[in-house]
Amino acid sequence: MRNVTEDTLTQAVLETISKDADPRFQEIMTGLVSHLHAFALETNLSKEEWLDAIEFLYQTGKKTTRNRNEFILLSDTLGLSSMVDMISSRGNDDATDVSVLGPFYIEGAPFIKNGGDLIADNTGQHTLVKGRISSTDGSPVPNALLDVWQNAENGKYSNEDPEQDDNNLRARLNAAEDGSYSFTTIRPTPYTVPEDGPAGVMLEAMGRHPWRPAHIHFKISADGFQDLITEIYPDDDEYIDADAVFGVRDSLAVSFKPVASEEDAAQYGIKSPFLTVEYDFRLRPV
Ligand code: BEZ
Ligand code: FE
């Protein structure tokens, strides 16, 4: 191995991977080393550029805490998170598309009743969200658990804004026996992903904006079904075709339809005119 060259180095490194190592680990390390070497060769990576990249990763580590994972944000903004989502959803054509979890999910949101309210004293356009949870074969999934979270009118999630209650615009609810669910909320707003770390520096250097289209996050679980983590997006959002984290799918872009009916609004305890969103989720059996 004294004589490694640009042409033989990759193979020399690959040969160091033990054949006794876990087979999947061997496969992943072989791909990683091969692609890293090919990348350096293809781009003629200089020593200074390599050192800059190492410093960038060091800063990414420094910015990372349990509650703020800058590596995940990098993965999101580079499209890797969505790529992994798509790979793991292969063959899932009849189930609802998945979308990124994001960093703002908090476990243990308070329970509200099916049909309950998230608006409380938030300002924003009142919105009724309703639909059904079914299996990929169309049969209703009884009593699924929906965990819902979204941002406030100022664009912030409760865990980024000291002005909001800890559980503002977050709730868990159980869908009915026939799969139906509904809740009232406000229309979410577009917002920027955190820009005060290396991911923000990278976006700026790439000439990219940090905006995500407005969305409501859902984590849906039910006995006998795979958990579904996804988002729905108002289809008229100005960033719907320019999501900084590539989370939008056609099937997740939905119409937030205006309704001007005092009577309907009164029935749901909200103000007219309001918006309605109908969305049916399809879960994949385990
Ligand atoms: C979010 O939707 O909450 C989110 C997703 C990825 C990166 C930043 C935020
Ligand atoms: Fe979000």
Q | Lone qualifier among Leu118, Leu36, Leu45 - being within 16 Å of ligand 2 (Cβ to nearest atom) and either outside the structural domain of Arg170 (by TED's automatic domain parsing) or at pLDDT 95 or above (or both) | A | Leu118
**Q.** Hey, Val84 outside the structural domain of Asp227 (by TED's automatic domain parsing) and assigned to a helix (DSSP H, G or I) or not
**A.** no
**Q.** Of the criteria (1) in contact with a strand residue (DSSP E or B) (Cβ under 8 Å, 6 or more places away or on another chain); (2) in a loop (DSSP other than H, G, I, E, B); (3) surrounded by fewer than 18 Cβ atoms within 10 Å (Cβ to Cβ), which one Asp241 fails
**A.** (1)
Q. Going by the structure shown, is Thr96 in contact with a strand residue (DSSP E or B) (Cβ under 6 Å, 6 or more places away or on another chain) and surrounded by 15 or more Cβ atoms within 10 Å (Cβ to Cβ)?
A. yes
Q) Quick one: Met86 ticks every box in (1) more than 14 Å from ligand 1 (Cβ to nearest atom); (2) among the aliphatic types (A, V, I, L, M); (3) modelled with pLDDT of 95 or more bar one, so which box is it? A) (3)
Q) Considering only region 148-165, how many residues are crowded, with 21+ Cβ neighbours inside 10 Å and not aliphatic (A, V, I, L, M)? A) 5
Q: Give the residues of region 261-278 that are in a loop (DSSP other than H, G, I, E, B) and surrounded by fewer than 18 Cβ atoms within 10 Å (Cβ to Cβ), sorted by residue number.
A: Ser261, Gly269, Lys271, Ser272, Pro273
Q) Residues that are modelled with pLDDT under 95 and within 16 Å of ligand 1 (Cβ to nearest atom): which strands (runs of 3 or more DSSP E) entirely in region 150-232 hold 2 or more of them? A) none
Q. For region 87-114, how many residues meet the condition of being away from ligand 2 (no atom under 16 Å from the Cβ), in contact (Cβ under 8 Å) with a residue 24 or more places away in the chain and of a type in the set (Ser, Thr, Tyr)?
A. 1
(Q) Checking the structure you have, find out if any residue of region 75-87 is in contact with a strand residue (DSSP E or B) (Cβ under 8 Å, 6 or more places away or on another chain) and on the phi > 0 side of the Ramachandran plot. (A) no
Q: Filter region 27-81 for residues that are within 16 Å of ligand 1 (Cβ to nearest atom), part of a helix (DSSP H, G or I) and touching a residue at least 40 places away in the same chain (Cβ under 8 Å) and give the result.
A: Thr60, Lys63, Glu70, Leu73, Leu74, Asp76, Thr77, Ser81
Q | Failed item in (1) in contact with a Leu (Cβ under 9 Å, 6 or more places away or on another chain); (2) surrounded by 14 or more Cβ atoms within 10 Å (Cβ to Cβ); (3) more than 18 Å from Val98 (Cβ to Cβ), with Pro258 passing the rest | A | (2)
**Q.** Filter result for Asp117 (more than 30 Å from Ala205 (Cβ to Cβ) and touching a residue at least 12 places away in the same chain (Cβ under 8 Å))
**A.** yes
Q | Residue among Asn151, Asn167, Asn143 that alone is under 20 Å from Tyr105 (Cβ atoms), out of contact with any Phe, Trp or Tyr (no Cβ under 6 Å at 6 or more places or on another chain) and either basic (Lys, Arg) or in the same structural domain as Val100 (by TED's automatic domain parsing) (or both) | A | Asn167
(Q) Residues to consider are Gly224, Gly197; find the one that is assigned by TED's automatic domain parsing to the domain that holds Lys156 and either β-branched (Val, Ile, Thr) or out of contact with any helix residue (DSSP H, G or I) (no Cβ under 6 Å at 6 or more places or on another chain) (or both). (A) Gly224
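The values are calculated or read from the model by the stated rules, or taken from the named source; none is laboratory data. This structure is a prediction, so every number in the text was calculated from the model and none was measured. Virtual Cβ from ideal backbone geometry, glycine too; neighbours counted across all protein chains shown.
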